Amino acid sequence: MEPPSSSRLNPRKRRKDGSGPNGATELDGIPPKMSRHSFGLREPAPFSDQIEVDYSKPYVRLTLEEATQGTPLDRPVRVYADGIFDLFHSGHARALMQAKNLFPNTYLIVGVCSDELTHNLKGFTVMNESERYDAVQHCRYVDEVVRNAPWTLTPEFLAEHQIDFVAHDDIPYSSAGSDDVYKHIKEAGMFAPTQRTEGISTSDIITRIVRDYDVYARRNLQRGYTAKELNVSFINEKKYHLQERVDKVKKRVKDVEEKSKEFVQKVEEKSIDLIQKWEEKSREFIGNFLEMFGPEGALNGM
């Protein structure tokens, strides 16, 4: 299914390097520019269990055509996006921005899975569930956050939150014994694909930290963290402190070398300047001498 277009979107031309402002591409829906004061968001998005839902009105799911054409202000298209959102980064934010801009009038609900569910089905997280909930709450595109979101979306869950469409990238997500946990959503015509942001992911960030572990361990020791807090052995702690001292000595030597080069350069410049002035004065002296004592000089004339 092709991603629905939005009348509010203002996709910009692709740059030569394939990216736009802040790495955005043509696939990202970029809203038109607005004055800074027009964004009136002053509070984090509420949790779903803090919102009173009016169940007196029957829940009738919108069709793709109805959603794309636009809906009344009091009946926005309810789009659901879920994830772990560990170490919340720009890739997460861009995915939610695309979900928010799928339709002209979108209410974005974001589900965040709990620690227990994530650790059992995917792996350990850096941030705990409270930190991940809080990070998503403060994303400007999010209207509502569902805590302890389910791994697989059931008809009961979709009805409870009155969801019209589910947004996620189109790559099959195999997990929990399924080749694609969104397969039944796609078959029901409720799936709205978004695009992944290449070059940024939680796994990429963790890989960078693990790859440069010594650098970050030394950095945090310098900033006052203890070896115990960093889970660094006594020997490694001493090694890092020694490396730090060696680096300081190297820096001092480098600074001295640079200052020495600057001094030599200044001496050379001064020498060249003095030589040039001496040459000029020499020519002037010789010229004056010839004017006075030369064959056609003033002395002969007298």
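The values are calculated or read from the model by the stated rules, or taken from the named source; none is laboratory data. Values in this document were obtained by computation on a predicted structure and should not be read as measured data. Positions of Cβ are generated from backbone atoms using ideal geometry, with glycine treated the same way; all protein chains shown enter the neighbour counts. Areas reflect the complete protein model, heavy atoms only, side chains present, ligands, DNA and RNA absent. Shrake-Rupley method; radii C 1.70, N 1.55, O 1.52, S 1.80 Å.
What is the distance in Å between the Cα centres of region 122-179 and region 213-237?
35 Å
Express in nm, to one decimal, how much length is gained between SER175 and GLU116 on full extension, taking 0.36 nm for each residue of separation and deducting their alpha carbon distance.
The span from SER175 to GLU116 would gain 19.7 nm if fully extended.
Short version: ³J(HN,Hα) in whole Hz for each residue of region 248-254, in order, from phi by Karplus 6.51 cos²θ - 1.76 cosθ + 1.60 (θ = phi - 60°), x for Gly and Pro, what are they?
5, 5, 4, 5, 4, 4, 5
Along Cα→Cβ, 7 Å out, is where each label goes; now give me the distance between the ones at ASN288 and VAL126 in nm to one decimal.
Those two pseudo-labels are separated by 7.6 nm.
Taking the dipole about the Cα centre of region 162-232, with the C-beta of Lys and Arg at +1 and of Asp and Glu at -1, give me whichever of PHE165, VAL232, ALA188 is farthest to the positive side.
So the residue we want is VAL232.
Quick one: how many Å² of VAL60 are accessible to a 1.4 Å probe, rounded to 10?
Looks like 100 Å² after rounding.
So how far apart, in nm, are the two label points at ASP273 and ASP247 if each is 7 Å from Cα heading toward Cβ?
3.9 nm
Which chymotrypsin sites (Phe, Trp or Tyr not before Pro) from region 173-210 combine a DSSP loop assignment with at most 15 other Cβ atoms within 10 Å?
TYR173
If the only charges are +1 at each Lys and Arg Cβ and -1 at each Asp and Glu Cβ, what is the size of the charge dipole of region 82-211 around the Cα centre, to the nearest 20 debye?
Details: 11 positive and 19 negative charges, 92 e Å.
The dipole of region 82-211 has a size of about 440 debye.
Using only the heavy atoms of the protein chains and a 1.4 Å probe, how would MET190, MET127 rank by accessible area, largest first?
Reading off the accessible areas and sorting them downward yields MET127, MET190.
Rounded to the nearest 20 debye, what is the charge dipole size of region 211-291 about its Cα centre when +1 sits on each Lys and Arg Cβ and -1 on each Asp and Glu Cβ? Please report the intermediate quantities before stating the final value.
Numbers: 20 positive and 17 negative charges, 173 e Å.
Taking the Cα centre of region 211-291 as origin, the dipole is about 840 debye.
Ordering VAL267, VAL112 by accessible area with a probe of 1.4 Å, largest first, what comes out?
VAL267, VAL112
For PHE47, enumerate residues with amide H under 5 Å from its amide H, sequence gap 5+ or separate chain, H modeled in the peptide plane.
Amide H neighbours of PHE47: VAL145.
Calculate what fraction, in whole %, of the accessible area of region 155-208 sits on carbon and sulfur atoms when a 1.4 Å probe is rolled over the protein chains.
Accessible surface attributable to carbon and sulfur in region 155-208 totals 50 percent.
Using protein chains only and a probe of 1.4 angstrom, how many square angstrom of LYS277 are accessible, to the nearest 10?
Only protein atoms counted, so the area is about 110 Å².
What order, most packed first, do the peptides 229-239, 46-56 have when packing is the mean number of other Cβ atoms within 10 Å of each residue?
Ranked from most to least packed, the peptides come out as 229-239, 46-56.
Using 1/(1 + (r/R0)^6) with R0 = 25 angstrom and r between the beta carbons of SER203 and SER233, what's the FRET efficiency to the nearest 0.05?
Rounded to the nearest 0.05, the efficiency is 0.40.
Say a paramagnetic label sat at a point 7 Å from the Cα of ASP54, along Cα to Cβ; which residues of region 92-111 have their backbone N under 20 Å from it?
Backbone N within reach: 105-109.
Using a simple charge model, +1 on the beta-carbon of Lys and Arg, -1 on the beta-carbon of Asp and Glu, nothing else, what dipole does region 36-87 show about its Cα centre, in debye to the nearest 20?
Here region 36-87 has a charge dipole of around 220 debye.
Probe 1.4 Å, all protein chains in place: accessible area of ARG61 in Å², nearest 10?
Its heavy atoms expose roughly 80 Å² to the probe.
At a Cα cut-off below 18 Å, give the aspartates and glutamates reachable from LYS254, other chains included and same-chain residues fewer than 8 away excluded.
Within the straight-line limit of under 18 Å, LYS254 reaches these aspartates and glutamates: GLU244, GLU262.
What does the C-alpha gyration tensor say about the overall shape of region 92-211? Classify as rounded when a/c is under 1.5, otherwise prolate if a/b is larger than b/c, or oblate.
rounded
Taking θ = phi - 60°, what integer Hz values does the Karplus form 6.51 cos²θ - 1.76 cosθ + 1.60 yield along region 268-277, in sequence order, with x for Gly and Pro?
4, 4, 5, 4, 4, 4, 5, 4, 4, 5
So if R0 is 25 Å, what FRET efficiency would TYR213 and HIS89 give, r being the distance between their Cβ atoms, rounded to the nearest 0.05? Intermediate results must be reported in sequence, preceding the final value.
Working: r = 20 Å, r/R0 = 0.79.
Using R0 = 25 Å, I get an efficiency of 0.80.
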